[in-house]
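Q: Dumping the structure here so I can ask a few things about it.
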Amino acid sequence: MGLTLEWSNERDGEIPSEWMDKLRIILHKAGETEGIHKGEVALTFVDNERIQELNRTYRGIDKPTDVLSFAMQDESEEEQAIHFDDEWEGDIPGGELLGDIIISVPKAIEQSAEYGHSLLREIGFLFVHGFLHLLGYDHHDEESEKAMFAKQEYILNEVGLTR
């Protein structure tokens with residue numbers, strides 16, 4: 001089966017096919033790097049209003065953020081899985097759902113301008129960041145932040161999304 005990426009767009013505007021092509025490459029490189037060879041990631045593109053609603057509901061933070069991740073494999077009692085589509089309920093044909101990644105496209109546009117790199121690079125960064133969160137990586141302290149961000153940069157460089 002391998003790693004698969006299912007995606008949806010809950011915002012106005014098209015999602016360029018080049019984004020999805022690159023995100024699939026990123027997923028496979030990140031999976032290879034982490035020894036993950038099968039599973040499914042559900043990605044949803046949203047606007048700032050929707051991500052703020054999700055951030056408020058699931059994290060208690062009432063402001064928009066750039067990316068949210070909801071792991072399906074290792075949920076604590078405080079974490080709640082979310083699904084955007086009824087077809088995700090029950091058995092997943094072909095493998096296990098690793099989790100959901102939600103990206104705010106307006107935040108990505110804002111941040112790509114702020115950091116001076118392409119929008120595709122920012123979308124890729126947010127996606128790999130979300131994927132690593134699905135695998136249990138976090139950045140609550142300086143040491144774990146350095147480790148996580150080094151992995152992100154390695155993966156992005158490997159797929160040609162350099163700064």
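Q: Listed residues 136, 160; which is out of contact with any Pro (no Cβ under 7 Å at 6 or more places or on another chain), touching a residue at least 12 places away in the same chain (Cβ under 8 Å), at positive phi and surrounded by fewer than 21 Cβ atoms within 10 Å (Cβ to Cβ)?
A: Exactly one of 136, 160 is out of contact with any Pro (no Cβ under 7 Å at 6 or more places or on another chain), touching a residue at least 12 places away in the same chain (Cβ under 8 Å), at positive phi and surrounded by fewer than 21 Cβ atoms within 10 Å (Cβ to Cβ), namely 136.
Q: Which numbered condition in (1) assigned to a strand (DSSP E or B); (2) touching a Leu at 6+ places or on another chain (Cβ under 7 Å) is the only one that residue 8 fails?
A: Failing condition for residue 8: (2).
Q: Additional query: How many residues are crowded, with 16+ Cβ neighbours inside 10 Å and over 22 Å from residue 156 (Cβ atoms) when one looks only at the range 7-39?
A: Count: 1.
Q: On to the next question. Return the total of residues in the range 107-161 being in a loop (DSSP other than H, G, I, E, B) and within 26 Å of residue 4 (Cβ to Cβ).
A: Of the residues in the range 107-161, the ones in a loop (DSSP other than H, G, I, E, B) are 116-118, 135-141, 159-161.
So of that shortlist, the ones also within 26 Å of residue 4 (Cβ to Cβ) come out as 118, 135-138, 159-161.
Number of matching residues: 8.
Q: Could you go through the range 32-50 and let me know if any residue there is part of a helix (DSSP H, G or I) and within 14 Å of the chain's Cα centre (by Cα).
A: no
Coordinate-derived values only; no laboratory data. The structure presented is a predicted model; accordingly, all values stated were derived computationally and were not measured. As a convention, Cβ positions derive from the backbone with ideal geometry for all residues, glycine included, and neighbour counts pool all protein chains shown.
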